[in-house]
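A.B. asks: Mind looking over this structure? Questions follow.
Read-outs throughout are calculated quantities, based only on the coordinates presented, and are distinct from any laboratory measurement. What you see is a predicted model; the values in this text were computed from it and never measured. Note: ideal-geometry Cβ built from the backbone for every residue, glycine included; neighbour counts use all protein chains shown.
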Amino acid sequence: MSKTTHGVTQIAFLLSDNMLATSATLPMEMLLTAESAAHRQYKVQQPGLNLFTVGASLQPAQTRSALQWPPDFTLKDAPAPDLIYVPGLWRNPRPVIRRQPQILEWLREQYQNGALISAVGTGCCFLAEAGLLDGKPATTHWHYFDQFQRDYPDILLKRQYFITQAGSLYCAASVNSLADLTVHFIQRLYNKAIASHVERHFSHEIRRSYESSGYFEDAHSRHPDEEVAQVQLWLQDNYPRAIALSQVAQRFGFSNRTLNRRFKAATGQTPLEYLQEIRINNARDLLKTSNLTIGEIAEKVGYQDTGYFTGLFKKQLTTTPREYRATVRAKLFSAE
């Protein structure tokens, strides 16, 4: 997760009528525990967290527990989030979601801006209704599997997994799975020690690991070098920014040569090749799902020079961004 303002990570909790309050309060408390642990116990450089709630209006959300929860911000006034938590909804989510089309537009906009988005249970229908999960793996609450598959036939429903990941989109089947996913986010924000500290304090039993309970697009690239894995996570979170790989090496305590050697040994790619792949993959998705111009897409994935971006895209995919968009859009329309 990139730090958007003065090193602060902006974390938004979407509020909605009929939501399960624990799908917001539990990750909130876990994240605050991580922040406290980093500062008091581990003496690591502490990224600041700004946790806030956001809603379609400033009217209090009527939660399932009868708690009335007023949001801190409306969608249009909220800080630009690095991470968004979309809550689970009680019973049939469709009436609640369809009364709030502005939330769908906001989620699409934040996705295009590079935010990580996590949804839990039937809250995953927000992402489905927004069209963000088409052609991608997803999960939801087990009770809603059949309806979800009927309503969204273009989504690759993974019934056997508790967590799915597709780029910057995460789905958790239950609040327990959301806790596991939040541990993963804490590791991205801090390190494995902080994540383990939080996990021990919030779960007394031995839990299945995030990796063993989920379906991940990049599962083929997993390896045992944890330091290189942290570099990979940082690059995934910060790819829209201008990145000097020499500074990345310094940030993680490597020389340039050592980072390149370790990274190539672990992943089969150099850090630059890995970063370019992340950027091009995100550009492909924006070409398919958005109406942004080629220049706007180039900027959103970290390239100020549209010509350079186009050349790199063509080198990797043997087609230009414009040709790629025309091809994938033609397939989408022909399938309808």
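A.B. asks: Positive end of the charge dipole of the chain (Lys, Arg +1 and Asp, Glu -1 on Cβ, about the Cα centre): tell me which of V198, T306, P81 has its Cα farthest that way.
C.D. replies: Going by the charge dipole, the pick is T306.
A.B. asks: Could you list M28, M19 in order of exposure, starting from the residue whose Cβ has the fewest other Cβ atoms within 10 Å?
C.D. replies: On the way: M28 17, M19 29.
In increasing order of surrounding Cβ atoms, one gets M28, M19.
A.B. asks: Taking +1 at the Cβ of each Lys and Arg and -1 at the Cβ of each Asp and Glu, which of L157, A244, L133 sits farthest along the dipole of the chain towards its positive end, judged by Cα position relative to the Cα centre?
C.D. replies: Going by the charge dipole, the pick is A244.
A.B. asks: Taking the Cβ-Cβ separation of H201 and F145 as r and a Förster radius of 45 Å, what is the calculated FRET efficiency to the nearest 0.05?
C.D. replies: Working: r = 32 Å, r/R0 = 0.71.
For H201 and F145, the calculated efficiency is 0.90.
A.B. asks: Moving to a separate point now. Go ahead and run the numbers for FRET between E109 and L156, Cβ-Cβ distance against an R0 of 41 Å, rounding to 0.05.
C.D. replies: Values: r = 24 Å, r/R0 = 0.59.
Rounded to the nearest 0.05, the efficiency is 0.95.
A.B. asks: Here is a further query. What does the charge dipole of segment 224-336 about its Cα centre add up to, to the nearest 20 debye, if the Cβ of each Lys and Arg holds +1 and the Cβ of each Asp and Glu holds -1? It would help to have the intermediate numbers written out before the result.
C.D. replies: Working: 16 positive and 12 negative charges, 57 e Å.
Around 280 debye, computed over segment 224-336.
A.B. asks: Let me spell out the model: positive unit charges on the Cβ of Lys and Arg, negative unit charges on the Cβ of Asp and Glu, origin at the Cα centre of the chain. What dipole size does that give, in debye rounded to 20?
C.D. replies: 480
A.B. asks: Which percent, to the nearest 5, of DSSP beta bridges fully inside the chain are antiparallel? Show your work: numbers first, answer last.
C.D. replies: Numbers: 8 of 33 bridges.
Here the share of antiparallel DSSP bridges comes out near 25 percent.
A.B. asks: Give me D for segment 224-336 in µm² s⁻¹, whole number, from Stokes-Einstein with Rh from the Kirkwood sum over alpha-carbon pairs, 37 °C and 0.692 mPa s. Walk me through the numbers before you get to the answer.
C.D. replies: Details: Rh = 15.2 Å.
For the chosen part, D equals 216 µm²/s.
A.B. asks: Still on this structure, I have one more. Considering Cα pairs under 8 angstrom that are at least six residues apart, work out the relative contact order of the chain and quote it in whole percent. Kindly include the intermediate steps, with their values, before the conclusion.
C.D. replies: Numbers: 527 pairs, mean separation 45.3, N = 336.
Reported relative contact order: 13 percent.
A.B. asks: Which ordering of V86, V120, V54 is given by a fewest-first count of other beta-carbon atoms within 10 Å?
C.D. replies: Working: V86 28, V120 33, V54 21.
With the sparsest Cβ surroundings first, the list reads V54, V86, V120.
A.B. asks: Okay, moving on. Which value in deg cm²/dmol, rounded to the nearest 500, describes the helix-derived mean residue ellipticity at 222 nm for the chain, given -39,500 (n - 2.57) per DSSP H run of n ≥ 4 and division by the residue count?
C.D. replies: The helix contribution divided over the chain gives -14500 deg cm²/dmol.
A.B. asks: While we're on this one: Tabulate in residue order the Karplus-calculated ³J(HN,Hα) for segment 63-80, using 6.51 cos²θ - 1.76 cosθ + 1.60 with θ = phi - 60°, rounded to whole Hz; enter x for Gly and Pro.
C.D. replies: Working through the residues one at a time gives 7, 4, 7, 6, 5, 9, 10, x, x, 6, 9, 7, 4, 6, 9, 6, x, 5 Hz.
A.B. asks: If you don't mind, there's one more thing I want to ask. In the chain, which whole DSSP H runs stretch at least 24 Å along their own axis (Cα) and average -1.0 or higher on the Kyte-Doolittle scale?
C.D. replies: Numbers: long enough: 22-40 (26 Å, 0.13); 271-289 (27 Å, -0.61).
Passing helices, by number: 22-40, 271-289.
A.B. asks: Also, I was wondering about something else. Given 0.36 nm per residue, what is the gain on full extension from Q269 to Q62 after removing their alpha carbon distance, in nm? Could the numbers behind the result be given before it?
C.D. replies: On the way: separation 207, 0.36 × 207 = 74.52 nm, distance 4.91 nm.
Length gained between Q269 and Q62: 69.6 nm.
A.B. asks: Could you give each residue of segment 243-251 its phi-based ³J(HN,Hα) in whole Hz, using Karplus coefficients 6.51, -1.76, 1.60 with θ = phi - 60°, and x for Gly or Pro?
C.D. replies: Each residue of segment 243-251 in turn: 10, 9, 5, 5, 6, 5, 4, 4, 4 Hz.
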